[in-house]
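These notes concern the structure reproduced below.
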Amino acid sequence: MRMLNYFVFYGAWILLSLFLLQTGRWIPSVVTAGMGNVFILMMLLGLSFVSRHYQLRIEPSLKQRLPQRLLVLAVCVLIFGSGYTMVTLLGIQGNLISAIHTANLLFFACVLGSWLTEPLKRPAELIPLCLVMSLIDIFSVFQGPTRELTSNLVGYYGSGQPGPPPLVDYILIKLPLPGQSSLLPVFGVSDWIMIVMLSAAAAKFGMNDNILHRFGKVYFPVAAMGLVATILAARELDMYLPALPMIAVCFLAVMSFKFPEVRHLTRNELRPMALFTAFAGGLFVIARL
(Lines give C-alpha, C1' and ligand atoms only; values in the text may rest on other atoms or scores of the structure.)
Protein backbone atom coordinates (compact mmCIF):
# COMPACT_ATOMS: atom_id res chain seq x y z
CA MET A 1 0.00 0.00 0.00
CA ARG A 2 2.86 2.36 0.80
CA MET A 3 4.52 1.68 -2.54
CA LEU A 4 1.24 2.47 -4.28
CA ASN A 5 1.35 5.99 -2.81
CA TYR A 6 4.82 6.49 -4.26
CA PHE A 7 3.65 5.32 -7.69
CA VAL A 8 0.65 7.66 -7.50
CA PHE A 9 2.94 10.64 -6.84
CA TYR A 10 5.32 9.91 -9.71
CA GLY A 11 2.66 8.58 -12.09
CA ALA A 12 0.24 11.48 -11.64
CA TRP A 13 2.93 14.05 -12.38
CA ILE A 14 4.39 12.21 -15.36
CA LEU A 15 1.01 11.59 -16.98
CA LEU A 16 -0.12 15.18 -16.45
CA SER A 17 3.12 16.55 -17.91
CA LEU A 18 3.01 14.38 -21.01
CA PHE A 19 -0.73 14.91 -21.51
CA LEU A 20 -0.47 18.71 -21.43
CA LEU A 21 2.65 18.61 -23.60
CA GLN A 22 0.74 16.71 -26.27
CA THR A 23 -2.30 18.95 -25.85
CA GLY A 24 -0.12 22.03 -26.30
CA ARG A 25 0.97 20.84 -29.73
CA TRP A 26 -2.61 21.03 -30.96
CA ILE A 27 -3.16 24.62 -29.85
CA PRO A 28 -3.01 27.14 -32.73
CA SER A 29 0.14 29.25 -32.75
CA VAL A 30 -1.84 32.50 -32.58
CA VAL A 31 -2.95 31.73 -29.00
CA THR A 32 0.04 29.84 -27.60
CA ALA A 33 1.51 32.94 -25.91
CA GLY A 34 -1.65 33.59 -23.94
CA MET A 35 -2.10 29.92 -23.06
CA GLY A 36 1.37 29.62 -21.56
CA ASN A 37 0.31 31.08 -18.22
CA VAL A 38 -2.77 28.86 -18.18
CA PHE A 39 -0.60 25.76 -18.60
CA ILE A 40 1.70 26.90 -15.80
CA LEU A 41 -1.24 27.41 -13.44
CA MET A 42 -2.63 24.00 -14.33
CA MET A 43 0.72 22.33 -13.65
CA LEU A 44 1.10 24.14 -10.33
CA LEU A 45 -2.36 22.93 -9.33
CA GLY A 46 -1.24 19.43 -10.29
CA LEU A 47 1.95 19.90 -8.31
CA SER A 48 -0.07 21.05 -5.30
CA PHE A 49 -2.18 17.91 -5.64
CA VAL A 50 0.78 15.49 -5.60
CA SER A 51 2.42 17.46 -2.77
CA ARG A 52 -0.78 17.20 -0.75
CA HIS A 53 -0.88 13.49 -1.54
CA TYR A 54 2.65 13.19 -0.17
CA GLN A 55 1.78 15.15 2.97
CA LEU A 56 -1.26 13.00 3.76
CA ARG A 57 -0.22 9.56 2.49
CA ILE A 58 3.57 9.31 2.62
CA GLU A 59 4.97 11.77 5.15
CA PRO A 60 3.26 10.08 8.16
CA SER A 61 5.23 6.89 7.43
CA LEU A 62 8.52 8.86 7.50
CA LYS A 63 7.80 11.16 10.43
CA GLN A 64 10.17 10.55 13.35
CA ARG A 65 11.82 7.75 11.32
CA LEU A 66 15.19 9.14 10.30
CA PRO A 67 16.65 5.95 8.72
CA GLN A 68 13.63 5.55 6.43
CA ARG A 69 13.73 9.22 5.42
CA LEU A 70 17.44 9.07 4.67
CA LEU A 71 16.87 5.92 2.62
CA VAL A 72 14.15 7.63 0.56
CA LEU A 73 16.40 10.65 0.00
CA ALA A 74 19.22 8.34 -1.06
CA VAL A 75 16.95 6.64 -3.60
CA CYS A 76 16.00 10.07 -4.97
CA VAL A 77 19.69 10.92 -5.35
CA LEU A 78 20.26 7.57 -7.09
CA ILE A 79 17.43 8.26 -9.56
CA PHE A 80 18.85 11.75 -10.11
CA GLY A 81 22.29 10.32 -10.84
CA SER A 82 20.84 7.74 -13.22
CA GLY A 83 18.99 10.42 -15.17
CA TYR A 84 22.08 12.63 -15.28
CA THR A 85 24.16 9.73 -16.59
CA MET A 86 21.62 8.79 -19.25
CA VAL A 87 21.46 12.32 -20.65
CA THR A 88 25.04 13.52 -20.20
CA LEU A 89 27.12 10.41 -20.79
CA LEU A 90 24.88 8.17 -22.88
CA GLY A 91 23.05 10.91 -24.80
CA ILE A 92 19.64 9.36 -24.12
CA GLN A 93 17.09 12.17 -23.98
CA GLY A 94 13.34 12.51 -24.27
CA ASN A 95 10.26 14.00 -22.67
CA LEU A 96 9.57 10.86 -20.67
CA ILE A 97 13.02 11.04 -19.08
CA SER A 98 12.53 14.76 -18.36
CA ALA A 99 9.13 14.07 -16.78
CA ILE A 100 10.53 11.30 -14.58
CA HIS A 101 13.47 13.49 -13.60
CA THR A 102 11.16 16.38 -12.66
CA ALA A 103 8.85 14.06 -10.69
CA ASN A 104 11.90 12.84 -8.77
CA LEU A 105 13.02 16.40 -8.01
CA LEU A 106 9.55 17.25 -6.73
CA PHE A 107 9.42 14.15 -4.55
CA PHE A 108 12.85 15.02 -3.15
CA ALA A 109 11.53 18.53 -2.41
CA CYS A 110 8.56 17.08 -0.51
CA VAL A 111 10.72 14.75 1.59
CA LEU A 112 13.34 17.40 2.39
CA GLY A 113 10.92 20.31 2.84
CA SER A 114 8.79 18.37 5.31
CA TRP A 115 11.89 17.29 7.23
CA LEU A 116 13.06 20.89 7.64
CA THR A 117 10.03 21.67 9.82
CA GLU A 118 10.96 19.23 12.59
CA PRO A 119 13.15 21.69 14.59
CA LEU A 120 10.44 24.39 14.57
CA LYS A 121 8.78 24.98 17.94
CA ARG A 122 6.70 28.10 17.29
CA PRO A 123 4.97 29.58 14.21
CA ALA A 124 6.90 32.85 14.65
CA GLU A 125 10.17 31.04 13.93
CA LEU A 126 9.11 30.99 10.29
CA ILE A 127 9.74 34.74 9.99
CA PRO A 128 13.53 34.69 10.56
CA LEU A 129 13.78 31.51 8.50
CA CYS A 130 11.98 33.16 5.56
CA LEU A 131 14.11 36.29 5.94
CA VAL A 132 17.39 34.39 5.77
CA MET A 133 16.37 32.25 2.80
CA SER A 134 14.99 35.25 0.91
CA LEU A 135 18.10 37.38 1.35
CA ILE A 136 20.34 34.50 0.31
CA ASP A 137 18.22 33.94 -2.80
CA ILE A 138 18.30 37.64 -3.74
CA PHE A 139 22.08 37.80 -3.39
CA SER A 140 22.56 34.52 -5.30
CA VAL A 141 20.38 35.62 -8.22
CA PHE A 142 21.82 39.11 -8.67
CA GLN A 143 25.42 38.70 -7.48
CA GLY A 144 26.08 35.08 -6.60
CA PRO A 145 26.34 31.69 -8.29
CA THR A 146 22.76 31.62 -9.57
CA ARG A 147 23.53 34.58 -11.83
CA GLU A 148 26.29 32.72 -13.66
CA LEU A 149 24.33 29.47 -13.80
CA THR A 150 21.33 31.26 -15.26
CA SER A 151 23.52 32.88 -17.90
CA ASN A 152 24.81 29.46 -18.93
CA LEU A 153 21.27 28.11 -19.13
CA VAL A 154 20.02 31.02 -21.26
CA GLY A 155 22.95 30.56 -23.60
CA TYR A 156 22.25 26.84 -23.93
CA TYR A 157 18.55 27.17 -24.76
CA GLY A 158 19.11 30.28 -26.88
CA SER A 159 21.61 28.48 -29.12
CA GLY A 160 19.35 25.55 -29.95
CA GLN A 161 20.39 23.23 -27.10
CA PRO A 162 23.68 21.93 -28.55
CA GLY A 163 25.05 18.88 -26.73
CA PRO A 164 24.26 17.93 -23.12
CA PRO A 165 22.62 20.65 -20.98
CA PRO A 166 24.56 22.50 -18.26
CA LEU A 167 24.42 21.17 -14.70
CA VAL A 168 21.90 23.79 -13.54
CA ASP A 169 19.36 22.34 -15.97
CA TYR A 170 19.12 19.20 -13.82
CA ILE A 171 17.87 21.06 -10.73
CA LEU A 172 15.08 22.93 -12.52
CA ILE A 173 11.42 21.96 -12.65
CA LYS A 174 10.38 21.42 -16.28
CA LEU A 175 6.80 22.02 -17.40
CA PRO A 176 4.90 21.63 -20.67
CA LEU A 177 4.16 24.85 -22.53
CA PRO A 178 1.89 25.24 -25.56
CA GLY A 179 3.60 25.16 -28.92
CA GLN A 180 6.73 23.47 -27.54
CA SER A 181 8.00 20.02 -28.44
CA SER A 182 9.75 19.40 -25.13
CA LEU A 183 9.39 20.19 -21.44
CA LEU A 184 11.05 23.48 -20.51
CA PRO A 185 12.56 24.70 -17.21
CA VAL A 186 10.33 27.17 -15.37
CA PHE A 187 11.57 27.37 -11.76
CA GLY A 188 14.11 25.79 -9.42
CA VAL A 189 13.60 22.85 -7.09
CA SER A 190 14.63 25.07 -4.13
CA ASP A 191 11.47 27.13 -4.67
CA TRP A 192 9.24 24.11 -4.15
CA ILE A 193 11.30 22.94 -1.18
CA MET A 194 10.45 26.21 0.55
CA ILE A 195 6.77 25.97 -0.41
CA VAL A 196 6.59 22.43 0.96
CA MET A 197 8.38 23.52 4.14
CA LEU A 198 5.99 26.42 4.75
CA SER A 199 2.95 24.27 4.00
CA ALA A 200 4.19 21.48 6.29
CA ALA A 201 4.90 24.03 9.03
CA ALA A 202 1.39 25.41 8.71
CA ALA A 203 -0.02 21.88 9.09
CA LYS A 204 2.27 21.22 12.05
CA PHE A 205 0.92 24.24 13.92
CA GLY A 206 -2.70 23.64 12.92
CA MET A 207 -2.94 26.52 10.46
CA ASN A 208 -4.89 26.13 7.21
CA ASP A 209 -2.83 27.52 4.30
CA ASN A 210 -5.19 26.40 1.53
CA ILE A 211 -6.45 29.43 -0.41
CA LEU A 212 -8.98 27.25 -2.27
CA HIS A 213 -10.57 25.67 0.81
CA ARG A 214 -14.00 26.85 -0.30
CA PHE A 215 -13.79 24.59 -3.36
CA GLY A 216 -13.96 21.33 -1.48
CA LYS A 217 -10.84 19.16 -1.59
CA VAL A 218 -8.99 21.35 -4.11
CA TYR A 219 -5.70 22.37 -2.51
CA PHE A 220 -3.39 25.25 -3.38
CA PRO A 221 -1.02 26.57 -0.68
CA VAL A 222 -0.84 30.29 -0.15
CA ALA A 223 2.96 30.20 -0.52
CA ALA A 224 2.54 28.95 -4.08
CA MET A 225 0.89 32.25 -4.96
CA GLY A 226 4.29 33.87 -4.53
CA LEU A 227 5.75 31.45 -7.04
CA VAL A 228 2.92 32.18 -9.48
CA ALA A 229 3.50 35.93 -9.17
CA THR A 230 7.25 35.52 -9.71
CA ILE A 231 6.85 33.28 -12.76
CA LEU A 232 4.33 35.61 -14.39
CA ALA A 233 6.53 38.65 -13.73
CA ALA A 234 9.62 36.87 -15.05
CA ARG A 235 7.80 35.85 -18.24
CA GLU A 236 6.49 39.38 -18.71
CA LEU A 237 9.88 41.02 -18.12
CA ASP A 238 11.81 38.23 -19.88
CA MET A 239 14.31 37.88 -17.04
CA TYR A 240 15.09 35.53 -14.17
CA LEU A 241 13.76 36.69 -10.80
CA PRO A 242 14.30 35.26 -7.30
CA ALA A 243 11.15 33.46 -6.20
CA LEU A 244 11.86 32.82 -2.52
CA PRO A 245 11.26 36.43 -1.39
CA MET A 246 7.81 36.58 -3.00
CA ILE A 247 6.96 33.10 -1.70
CA ALA A 248 7.88 34.23 1.82
CA VAL A 249 5.99 37.53 1.55
CA CYS A 250 2.78 35.89 0.34
CA PHE A 251 2.89 33.22 3.01
CA LEU A 252 3.74 35.51 5.93
CA ALA A 253 1.33 38.27 4.88
CA VAL A 254 -1.67 35.95 4.71
CA MET A 255 -0.82 33.64 7.57
CA SER A 256 0.15 36.40 10.01
CA PHE A 257 -3.18 38.10 9.25
CA LYS A 258 -5.19 34.91 9.81
CA PHE A 259 -3.11 33.58 12.71
CA PRO A 260 -1.69 36.26 15.07
CA GLU A 261 0.72 33.77 16.69
CA VAL A 262 2.87 33.98 13.55
CA ARG A 263 3.70 37.59 14.46
CA HIS A 264 4.82 36.91 18.05
CA LEU A 265 8.57 37.40 17.70
CA THR A 266 10.79 37.73 20.76
CA ARG A 267 13.65 40.19 21.22
CA ASN A 268 16.09 37.32 20.94
CA GLU A 269 14.73 36.74 17.42
CA LEU A 270 14.45 40.38 16.34
CA ARG A 271 18.07 41.30 17.05
CA PRO A 272 19.70 38.55 14.94
CA MET A 273 17.23 39.32 12.15
CA ALA A 274 18.26 42.99 12.13
CA LEU A 275 21.96 42.11 12.22
CA PHE A 276 21.68 39.57 9.42
CA THR A 277 19.67 41.99 7.27
CA ALA A 278 22.30 44.70 7.77
CA PHE A 279 25.10 42.24 7.00
CA ALA A 280 23.38 40.96 3.86
CA GLY A 281 22.67 44.50 2.69
CA GLY A 282 26.27 45.53 3.20
CA LEU A 283 27.51 42.45 1.37
CA PHE A 284 25.23 43.20 -1.56
CA VAL A 285 26.47 46.83 -1.75
CA ILE A 286 30.11 45.72 -1.63
CA ALA A 287 29.51 43.17 -4.39
CA ARG A 288 27.96 45.88 -6.58
CA LEU A 289 31.02 48.17 -6.25
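The values are calculated or read from the model by the stated rules, or taken from the named source; none is laboratory data. Please read these numbers as outputs of a predicted model, since none were measured by experiment. Neighbour counts run over all protein chains shown; Cβ positions are idealised from the backbone, glycine included.
Pick from region 178-189 the residues that are surrounded by fewer than 21 Cβ atoms within 10 Å (Cβ to Cβ) and in contact (Cβ under 8 Å) with a residue 60 or more places away in the chain: which of them is nearest to THR146 (Cα to Cα)? By that ranking, first place goes to VAL189. Residues in region 183-217 that are assigned to a loop (DSSP other than H, G, I, E, B) and in contact with a strand residue (DSSP E or B) (Cβ under 8 Å, 6 or more places away or on another chain): LEU183, ASP209, ILE211. Filtering SER61, SER29, SER51, SER82 for residues that are touching a strand residue (DSSP E or B) at 6+ places or on another chain (Cβ under 9 Å) and not aliphatic (A, V, I, L, M) leaves a single hit, SER51. Search region 116-135 for residues being assigned to a helix (DSSP H, G or I) and not aliphatic (A, V, I, L, M), and hand back the single one that is modelled with the highest pLDDT. The residue in question is PRO123. Summed over region 1-35, the residues that are exposed (fewer than 15 other Cβ atoms within 10 Å of the Cβ) and among the hydroxyl-bearing types (Ser, Thr, Tyr) give a count of 2.
Among the residues making up region 89-115, those that are without any contact (Cβ under 8 Å) to a residue 60 or more places away in the chain and either part of a helix (DSSP H, G or I) or crowded, with 19+ Cβ neighbours inside 10 Å (or both) are ILE97, VAL111, TRP115.
Selection of region 53-88 for residues being surrounded by fewer than 13 Cβ atoms within 10 Å (Cβ to Cβ) and either under 19 Å from the mean Cα position of the chain (by Cα) or of a type in the set (Gly, Ala, Ser) (or both) yields LEU56, ALA74, VAL77, GLY81.
No other residue among ARG235, ARG214, ARG263 is out of contact with any helix residue (DSSP H, G or I) (no Cβ under 8 Å at 6 or more places or on another chain) and either more than 16 Å from CYS130 (Cα to Cα) or at pLDDT below 95 (or both) apart from ARG214.
Of the numbered criteria (1) farther than 27 Å from SER98 by Cα; (2) more than 19 Å from the chain's Cα centre (by Cα); (3) modelled with pLDDT of 80 or more, the one SER182 fails is (1). In summary, SER98 fulfils each of the numbered conditions (1) under 22 Å from GLN180 (Cβ atoms); (2) small (Gly, Ala, Ser); (3) modelled with pLDDT of 95 or more with the single exception of condition (3). Counted as qualifying within region 2-76 are the helices (runs of 4 or more DSSP H) with 1 or more residues that are aromatic (Phe, Trp, Tyr), namely 2-25, 32-53.
Confirm whether MET86 is in contact (Cβ under 8 Å) with a residue 24 or more places away in the chain and among the aliphatic types (A, V, I, L, M). Give the steps one after another, and end with the answer.
Details: in contact (Cβ under 8 Å) with a residue 24 or more places away in the chain: no; among the aliphatic types (A, V, I, L, M): yes.
The answer is no for MET86.
When region 86-122 is filtered for residues that are of a type in the set (Val, Ile, Thr) and within 26 Å of GLN22 (Cα to Cα), the ones remaining, listed by number, are VAL87, THR88, ILE92, ILE97, ILE100, THR102.
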